[in-house]
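Here, each number is a calculation from the coordinates, and none is a lab measurement. Because the structure is predicted, anything quoted here is derived from the model rather than measured. Virtual Cβ from ideal backbone geometry, glycine too; neighbours counted across all protein chains shown.
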There are 2 protein chains.
Amino acid sequence: MEEPGSIRPGGRTARVRAAVLRAAGDALAERGFAHLDLTDVARRAEVGKTTVYRRWGTVTGLVADLLTDMAEQSLPRARTGSLEGDLRANARLVRKTLADPRQGALFGAIIAAATSDTRTAEALHRFYARRIREWVPCVEEAIDRGELPEGTDAEEVVRAVSAPLYYRFLASGDPLDEATADRAAKAATAAARAGAYIKDEQARPIL
Amino acid sequence: MEEPGSIRPGGRTARVRAAVLRAAGDALAERGFAHLDLTDVARRAEVGKTTVYRRWGTVTGLVADLLTDMAEQSLPRARTGSLEGDLRANARLVRKTLADPRQGALFGAIIAAATSDTRTAEALHRFYARRIREWVPCVEEAIDRGELPEGTDAEEVVRAVSAPLYYRFLASGDPLDEATADRAAKAATAAARAGAYIKDEQARPIL
């Protein structure tokens, strides 16, 4: 008999889903979206092919469910007591994910697929929308504490932390070290304090 | 007889290269990297297949040359007299490129290919390195004018302008409007002024 807590809750259906999504993530990280195949995923997951086809239907359906699971499994936001501390935790988490061989390859594969597949793009956008919402309270609390000006666009501050890391990862290829993550948090904090993310920028010029 | 200036300089070789790279860009934008084929590019360009194979050899070789040409053809940096003005010009140029249907699809296709193809990734990184170097003097002049602290990492400031635009384009899917470009320039300026991009950040803490 297994120890309580040693398996995911939800019984067989949840265990099948976990095994299939794990296998789908492995296949994506190893071979990319173009080679993703439900029969191969079923074999890797040691789950019946019929189950996989019936439950997920298509590779885009499977990737969409994988992204839902990734959003659900992602770490909750930080609560360090300062905006820069919270944003640094966020930046380090994003950096660690992108720099991790499996996770980085997985994100690369999904982002690549999203450039040409509308349903994958929609699922990807939902993933980031959820992750951004998770971290928004860090910015809202900073506004409440008086660390940031009223009217600051909290979502845009959270996006600003991830952006330099994704730019290096996908475009420029510059190193993704921890100093880069910390600088992303510092820059987003400084820009937010200066009012660069106030929503109606016309109404409140900064200097 | 053609008017002076109505054709690209360099004669037939340059005209063949221009036609082939134009056709390669069209094919990439329409069908993506996986379907790029030298025979199809030769047909689109109305150039002999043998010429294309002899000169470019492989699709990765062709994409690398396309990126070299894109860097050469890109607009020079702005000279508005202020850092935020220069960075706004840069942000608007990047935004216009990514939001353009053909150019956006072309960049998406190349970035997608670079996630799994090392030679394409290297060519892409060279492209961004050149574009960043082109705009670096805008930041260096701002340091000379006393707009920014000594020791500011000029390349990192330029990267910070593009990053939020690429993040929206490739990851979050949020709108790529001109207000977003202007905010990217404003945020990079504010963060740079606050010292967030000073190279040896340990030595010079900011507040």
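Across chain A, Cα pairs under 8 Å and at least six residues apart give a relative contact order of 21 percent. In this simple spin-label model, placing a label point 7 Å from the Cα along the Cα-to-Cβ direction at both residue A:82 and residue B:19 gives a separation of 6.4 nm.
Against chain B, whose longest principal axis is taken from its Cα atoms, helix B:118-144 shows a tilt of about 40°. For residue B:100, inter-copy separations between label points set 7 Å beyond Cα along the Cβ vector come to 3.9 nm, shortest first. Computed across chain B, the Kirkwood hydrodynamic radius from all distinct Cα-Cα pairs reaches 18.8 Å. A point 7 Å from Cα along Cα→Cβ stands in for residue B:129, and the other copies hold the same point at 3.9 nm, listed in rising order. Neighbour counts of other Cβ atoms within 10 Å put A:12, A:44, B:145, B:159 in the fewest-to-most order A:12, B:145, A:44, B:159.
Amide H contacts of residue A:77: none lie under 5 Å away among residues 5 or more positions distant or on a separate chain (H built 1.01 Å from N in the peptide plane; Pro and chain starts excluded).
Put in order of Cβ neighbour count within 10 Å, fewest first, the listed residues B:116, A:162 become B:116, A:162. The long axis of helix B:11-31 is offset from the longest Cα principal axis of chain B by roughly 80 degrees.
Short-range pairs are left out: with C-alpha atoms under 8 Å and at least six residues apart, the relative contact order of region B:74-193 is 36 percent. Relative to the longest principal axis of the Cα atoms of chain B, the long axis of helix B:59-73 lies at roughly 50 degrees. Counting Lys and Arg as +1 and Asp and Glu as -1 over every other residue whose Cβ lies under 14 Å from the Cβ of residue A:32, the net charge comes to -4. Scalar couplings 3J(HN,Hα) for region A:34-44, obtained by applying the Karplus form with A = 6.51, B = -1.76, C = 1.60 to θ = phi - 60°, are 4, 9, 5, 8, 4, 5, 5, 5, 4, 4, 4 Hz; x denotes Gly and Pro. In this Cβ point-charge picture (+1 for Lys and Arg, -1 for Asp and Glu), the protein assembly as shown has a dipole of about 1160 debye about its Cα centre. By the beta-carbon count within 10 Å of each Cβ, the least crowded to most crowded order of A:20, B:59, fewest first, is B:59, A:20.
Residues whose amide H lies under 5 Å from that of residue B:198, counting only those 5 or more places away or on a different chain, are B:153; hydrogens are built 1.01 Å from N in the peptide plane. When the protein assembly as shown is described by a simple charge dipole with +1 on each Lys and Arg Cβ and -1 on each Asp and Glu Cβ, the residue from A:35, A:171, A:198 located farthest towards its positive end is A:35.
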